[in-house]
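Comments concern the structure below.
The values are calculated or read from the model by the stated rules, or taken from the named source; none is laboratory data. The structure displayed is predicted, hence computed values, not measured ones. Neighbour counts are summed over all protein chains in view; Cβ atoms, including those assigned to glycine, are modelled from backbone coordinates with ideal geometry.
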Amino acid sequence: MTTAAPEVLVEAEGAVGVVVINRPQALNALSIAVMDAVAEALRGFDRDPAIRCMVLAGLPRAFAAGADIGEMKAIEGAKAAGAALARHLGHWDEIGRMKKPVIAAVSGFALGGGCELAMACDMIVASETAVFGQPEVLIGVMAGAGGTQRLTKAVGKALSMEMNLTGRRLTAREALAHGLVNRVVPVESYLGEAKKLAALIAAQPPLAVQAAKAAVRAAVDRGLDKGLVDERNAFYGLFDTADQKEGMTAFAEKRKPVWSGK
Ligand code: DAK
């Protein structure tokens, strides 16, 4: 595989473009540099006439344990959060709008921004160890890149509320039962199965595939843009609270947060 950035591996296999997030020491936390490289690689494949389908994968232990809390912890206030993160968040939106299908190959943790990244893709192939969740509330904030919107559309209000308000995680089997993922496969084969599915799509007529993808997207994404903007603004707003500081500091210090409600 070629390397777009030290932490993102990029390779074309026939008509399938493969991007692998490779930051094991931080459970693939999505730093600004990692997301820049992921978006750049997918953008390149989306424009490349030789590529017909894409796979976005993580490592066996983690697809991605969220946006990088260390980077977010340093941000002071809602205005600064908007300024610092607007372009970063644009990457999740951009991946959701690619012309060609993107399949997420998910094993291990897919939490917060990681779960949102998988949901921004068109399909999810999950390993038996995959775990999905929006645990932002546990660090004093809320989902900011689609977790209140795409998750609700995928699994319904009841479960989405529980996941967003308590941080409850779904196992791969639960995710399959609730329609969040396409299939669950042994951990050894999650990347291979995602590539196989991508190759099957790549063998279909590309214009028909892209038109069908756009049509399915239109069915599920109606109203999504406004929801994402509202969600993002609410997320930024929480950077004016003491609980955001406390939650992210407590995570860094590996202790339980103490909430003040301020
Ligand atoms: N960020 C940074 N580092 C992380 C991380 C993260 N999200 N998750 C894990 N790590 C690091 C840990 O700090 C630890 O580093 P060292 O201490 O070894 O240096 C290493 O990865 C291994 O993690 P643990 O020691 O914690 O491993 P465990 O097996 O004990 O626990 C865990 C695994 C996944 C349960 C735990 O690491 C965890 O709870 N991680 C945080 C999960 C989380 O809260 N995720 C949501 C983050 S907030 C937006 C864009 C995106 C977002 C929002 C807005 N816009 C641009 C507006 C998304 C926000 C989020 O995702």
Do you know which of the residues in region 32-84 that are crowded, with 23+ Cβ neighbours inside 10 Å and of a type outside the set (A, V, I, L, M, F, W, C) is nearest to Ala250 (Cα to Cα)? Gly66
Output yes when any residue across region 65-82 is under 27 Å from Ala211 (Cβ atoms) and touching a strand residue (DSSP E or B) at 6+ places or on another chain (Cβ under 9 Å), and no when none is. no
Given the criteria crowded, with 20+ Cβ neighbours inside 10 Å, under 17 Å from the mean Cα position of the chain (by Cα) and under 30 Å from Ser260 (Cβ atoms), does Ala143 qualify? yes
Meets criteria (of a type in the set (D, E, K, R) and assigned to a loop (DSSP other than H, G, I, E, B)) for Lys262: yes
For region 204-221, what are the residues that are surrounded by 13 or more Cβ atoms within 10 Å (Cβ to Cβ) and not in a helix (DSSP H, G or I)? Gln204
Leu89 versus (1) surrounded by fewer than 16 Cβ atoms within 10 Å (Cβ to Cβ); (2) near the ligand (Cβ under 8 Å from one of its atoms); (3) within 29 Å of Pro206 (Cα to Cα): which is the lone unmet condition? (1)
Could you please give the count of residues in region 232-250 that are within 12 Å of the ligand (Cβ to nearest atom) and either of a type outside the set (A, V, I, L, M, F, W, C) or more than 15 Å from Met142 (Cα to Cα) (or both)? 7
Of all residues in region 108-138 being of a type in the set (Gly, Ala, Ser) and more than 13 Å from the ligand (Cβ to nearest atom), which is surrounded by the fewest Cβ atoms within 10 Å (Cβ to Cβ)? Ser127
Residues that are in contact (Cβ under 8 Å) with a residue 40 or more places away in the chain, surrounded by fewer than 21 Cβ atoms within 10 Å (Cβ to Cβ) and assigned to a helix (DSSP H, G or I), drawn from region 175-188: Leu176, Val187
Residue selected from region 92-107 under the condition aliphatic (A, V, I, L, M) and within 16 Å of the ligand (Cβ to nearest atom), by the criterion surrounded by the most Cβ atoms within 10 Å (Cβ to Cβ): Val106
Some residue of region 77-88 being within 15 Å of the chain's Cα centre (by Cα), at pLDDT 95 or above and not basic (Lys, Arg): no
Which of the residues spanning region 139-167 are more than 15 Å from the ligand (Cβ to nearest atom) and either touching a residue at least 12 places away in the same chain (Cβ under 8 Å) or farther than 24 Å from Gly237 by Cα (or both)? Lys153, Ala154, Val155, Gly156, Ala158, Leu159, Ser160
Under 7 Å between Cβ atoms, at least 6 apart or on separate chains: pull out the pairs that start in region 38-67 with a residue that is closer than 13 Å to Ile103 by Cβ and within 16 Å of the ligand (Cβ to nearest atom) and end on any residue that is among the basic types (Lys, Arg) and assigned to a strand (DSSP E or B). none
Within region 150-169, tally of residues that are assigned to a loop (DSSP other than H, G, I, E, B) and either buried (at least 17 other Cβ atoms within 10 Å of the Cβ) or in contact with a helix residue (DSSP H, G or I) (Cβ under 8 Å, 6 or more places away or on another chain) (or both): 3
